[in-house]
Amino acid sequence: MLIPENHPRRNSLILREKLVEAMRKGVIVPEGLIAHGRGECFDYLLGERTQPFAQKAIEAAAALLLTASRPVISVNGNMAALVPKEVVELSEVSKSKIEVNLFYRTEDRVRAIAEVLIQHGAREVLGLEKDLQTIPELFSERRRVSKEGIYSADVVLLGLEDGDRTEALVNMGKKVISFDLNPLSRTSLASTVTIVDNITRGMPKLVEAVRLLKGLDVTELKRIAESFDNKSNLRESLKFISERLLSLQF
Ligand code: PTJ
């Protein structure tokens, strides 16, 4: 579809086209379009900008990735459609592994997503192995994870996730960094660091933050990661939305 250059919602329409195209290629599922729509609604409320509380979470996430021993980026269909380049960049700057992990898992989809990531420069993509491990207490297809990846990770970064798996990963003792536009979701509440921002804006900023913080010593990085209070940051995002709605002038 031709989207006029001056259309006021051009960016949003382009993202939708990207997702529909990814669905046609078997990368995302129709449910992924619905999940995106829920995200768009929260993005409206947030003013479609990376707000200061999100920037603070991005810095904490960068510090957490840089101090992790076995960081892993967990990729689903929506992430592969929206930010494949940034996933690969982040894995390189933060020395994180990449693993495909899907709620609506089929072997064809895992392969299609791995292919997208490889086309964007990924050297290794986990999640395709025959001998996957199982996350205890999880019943969805997301329970199947790589032994070398999510199963043995200490820090897992994910986006557009369902709450069950985030809670299960935290119960396994892992630290979780999530991108979620909905500050009230179970993923947002359970994560160690929730970045309440659109993943398309937040991922490039996270790559940049890792590059900037790389020069700091470990003590300083640990201080940044440990001083971050996720619940208080989520409260800031809700306060921002409430105040913004009350002050809007038409
Ligand atoms: O690819 P699969 O098979 O693993 O399936 C992926 C989906 C997204 C379908 C699955 O994980 C799902 O159903 O997710 P939920 O439970 O709908 O959660 C998605 C969350 O991501 C919601 O809280 C949305 O508000 C949020 N969200 C949607 N779009 C974005 C977003 N957060 C950040 N950036 C976005 N662009």
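The numbers here are math on the coordinates, done by the rules we state, and not lab data. This is a predicted model, so every value here is computed, not measured. Using ideal geometry, Cβ is built from the backbone for each residue, glycine included, and neighbour counts are taken over all protein chains shown.
Can you give the relative contact order of the stretch 1-131 as a percent, counting alpha carbon pairs under 8 Å and 6+ residues apart?
In percent, rounded to a whole number, it is 24.
Considering only the other residues whose Cβ falls under 11 Å of the Cβ of Val29, what net charge follows from Lys and Arg at +1 and Asp and Glu at -1?
My count for the surroundings of Val29 gives +1.
Between the stretch 51-87 and the stretch 228-250, what is the C-alpha centre distance in whole Å?
22
Checking the cross-link filter: which lysines have an alpha carbon closer than 21 Å to that of Lys231, excluding same-chain neighbours under 8 positions apart?
Once the sequence-local lysines are set aside, what remains near Lys231 is Lys56, Lys174, Lys175, Lys222, Lys239.
Give me the number: length gained by fully extending Cys41 to Leu246, i.e. 0.36 nm times residue separation minus the C-alpha to C-alpha distance, one decimal in nm.
Here the answer is 72.1 nm.
Of the GluC sites (Glu not before Pro) in the stretch 136-211, which ones lie in a loop per DSSP and count no more than 15 other C-beta atoms within 10 Å? Intermediate results must be reported in sequence, preceding the final value.
Working: sites: Glu137, Glu141, Glu148, Glu161, Glu167, Glu208; in loops: Glu137, Glu148, Glu161.
Passing sites in the stretch 136-211 are Glu137.
Cross-link candidates for Lys130: which lysines have Cα within less than 19 Å, leaving aside residues fewer than 8 places away along the same chain?
Straight-distance partners of Lys130: Lys97, Lys147.
I need the Kirkwood Rh of the stretch 91-250: take the reciprocal of the average 1/r across all distinct C-alpha pairs and report it in angstrom.
Evaluated on the stretch 91-250, it is 17.3 Å.
Give a quick list of chymotrypsin sites (Phe, Trp or Tyr not before Pro) in the stretch 1-76 that DSSP marks as loop, anything other than H, G, I, E or B, with at most 16 other Cβ atoms within 10 Å.
Passing both the DSSP loop test and the Cβ count: no residue.
Sort Glu243, Glu59 by Cβ crowding within 10 Å, fewest neighbours at the top.
Details: Glu243 10, Glu59 19.
By the 10 Å Cβ count, ascending, the order reads Glu243, Glu59.
List the lysines whose Cα sits under 22 Å from the Cα of Lys18, skipping any in the same chain fewer than 8 residues away.
Lys85, Lys205
How many nm is it between the label spots at Glu21 and Glu107, if each spot is 7 Å from the Cα in line with the beta carbon?
3.0
Give me the extension gain from Asn11 to Ser140: residue separation times 0.36 nm, minus the current Cα-Cα distance, reported in nm with one decimal. Before the final figure, lay out each step's value.
Working: separation 129, 0.36 × 129 = 46.44 nm, distance 3.31 nm.
Extra length from Asn11 to Ser140 when fully extended: 43.1 nm.
List the trypsin sites (Lys or Arg not before Pro) within the stretch 141-250 that DSSP assigns to loop and that have no more than 11 neighbouring Cβ atoms inside 10 Å. Walk me through the numbers before you get to the answer.
On the way: sites: Arg142, Arg143, Arg144, Lys147, Arg165, Lys174, Lys175, Arg186, Arg201, Lys205, Arg211, Lys214, Lys222, Arg223, Lys231, Arg235, Lys239, Arg244; in loops: Lys147, Lys174, Lys214.
Sparse-neighbourhood loop trypsin sites (Lys or Arg not before Pro): none present.
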